[in-house]
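Worksheet for the structure shown next.
The values are calculated or read from the model by the stated rules, or taken from the named source; none is laboratory data. All values reported here derive from a predicted model rather than from experimental measurement. Every residue, glycine among them, receives a Cβ derived from its backbone with ideal geometry; neighbour counts consider all protein chains shown. What goes into the accessible areas is simple: the full protein's heavy atoms, side chains included, and nothing from ligands, DNA or RNA. Shrake-Rupley method; radii C 1.70, N 1.55, O 1.52, S 1.80 Å.
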Amino acid sequence: SYTTDTKSREENKKTIESLYRLSVDIKKIRRLKEWVLLQDVAYVKETAGILQEMGADETAVANILERCPEAILHTPSEINSQKALWQLVCQNEKQLIKLIEQFPESFFTTKYHENQKANILFFQELGLKNNIITRFLTSAPNIFYNPVEKNKNVIETLQRNYLSLGGSGANMKIWILKLLSQNPFILLNTSTSIQENLEFLQKNDFTDHEVLQLLSKLKGFIFQLTPTTMQKSMLFSKNVFKCSDQELKQLVLKCPALLYYSVPVLEERLEGLLKEGISIEQIRETPMVLELTTQIIQYRIKKLSALGYDIKSGTLESLNGTRKDFEASYGKIQSKKERPIFNPVAPINIED
């Protein structure tokens, strides 16, 4: 635990000199994390030495220490333990140093060392590939801070539910690994909240097969919701589209975003579409457009309008999908427009 009381303390001159020799931008550290410079003990040379041994050049070392100055407050043995830990999933030191350069804060969080180690071994046993585990370490480091029992508990809850919803034992491992690699933050939920969300869907007449379908389509993000928020979003959609419970269920299966997005987000997107002259009926036909932000919708409508395509009278399918999908349908409309009306290589009919 480091003190953050900056008023009564002075900067550690030895720390400043050591950082200066390494060409570290001390002004940057003062601006962002001055408290690091006030600590009595710092391991500047030692930290730089370990990074250099791994292959970091002078610029890389300076960048790492500027971005994560608290690295110098860890003892060399803590850093070496963390290095050994990350080497369990890194191919070599070259890959490791590259990751440290990109994500220094994740690497220098040594506080939960034992939990990190136990979780890495658990993920390996589960069958997650090392490259996926390194991605988790850098982009979702807090899932490693949980005690391993908590993560095991969540995985067991998912496995149990997958089987009870009719998923096959043969596919379960693939399903779990895919869900985890798409959304590792599932592990930050409790087993109880997972259970409650699944029960909410079943109470709303989604069949077991449909619940499984939603889990896969939403990439596990459904567990970051609550029954209350899902209820509000569904009620909002039901009122907007003036549909029965059964029709609403079909709309949600077609577009799980109706379940996932909060009412204010759905309201804003709906408003944006209506302002463009699109009708509620059109949106009901193609609800997936609600997955897109208002800015994306406006940009796509503008591009299509420039080709003379009237979105108000046509289908919204051409607005849909990822950027790649949109570019493909835009390309088709463009080539149709540019195609000559007559076929210049067709034989001429003499009687004409």
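Remarks
- Number of the exception - THR15 against (1) crowded, with 17+ Cβ neighbours inside 10 Å; (2) within 20 Å of THR138 (Cα to Cα): (2)
- Residue, surrounded by the fewest Cβ atoms within 10 Å (Cβ to Cβ), within segment 96-108, restricted to residues that are touching a Ser or Thr at 6+ places or on another chain (Cβ under 8 Å) and not small (Gly, Ala, Ser): GLN102
- Some residue of segment 279-286 being modelled with pLDDT of 90 or more, touching a Cys at 6+ places or on another chain (Cβ under 8 Å) and more than 22 Å from ASN197 (Cβ to Cβ): yes
- Checked across segment 216-231, the condition of being open to solvent by 60 Å² or more (accessible area, probe 1.4 Å), closer than 20 Å to ASN171 by Cα and of a type outside the set (Phe, Trp, Tyr) holds for at least one residue.
- Yes/no for LEU235 being open to solvent by less than 30 Å² (accessible area, probe 1.4 Å) and either in contact (Cβ under 8 Å) with a residue 24 or more places away in the chain or among the hydrophobic types (A, V, I, L, M, F, W, C) (or both): no
- For first residues located in segment 295-311 and open to solvent by 60 Å² or more (accessible area, probe 1.4 Å), partners that are aromatic (Phe, Trp, Tyr) and lie 6+ apart or on another chain with Cβ distances below 9 Å form the pairs ILE296/PHE326.
- Residue count for segment 250-283, restricted to those that are closer than 19 Å to LYS217 by Cα and of a type in the set (Lys, Arg): 1.
- Only one of GLN82, GLN87 that is open to solvent by 40 Å² or more (accessible area, probe 1.4 Å) and closer than 26 Å to PHE144 by Cα: GLN87
- Helices (runs of 4 or more DSSP H) fully within segment 193-275 counting 3 or more residues that are of a type in the set (S, T, N, Q) and modelled with pLDDT of 90 or more: 227-241
- Every pair of residues 6+ apart whose Cβ atoms lie under 6 Å, when the first sits in segment 108-133 and is within 15 Å of LYS152 (Cα to Cα) and not assigned by the TED database to the domain that holds GLN82 while the second is open to solvent by 40 Å² or more (accessible area, probe 1.4 Å) and among the hydroxyl-bearing types (Ser, Thr, Tyr): ASN115/TYR145
- Within the set ASN197, ASN183, ASN151, ASN204, the sole residue that is polar (S, T, N, Q) and open to solvent by 20 Å² or more (accessible area, probe 1.4 Å) turns out to be ASN204.
- Condition check for GLN91 on (1) farther than 25 Å from SER181 by Cβ; (2) touching a residue at least 24 places away in the same chain (Cβ under 8 Å); (3) polar (S, T, N, Q): one failure, at (1).
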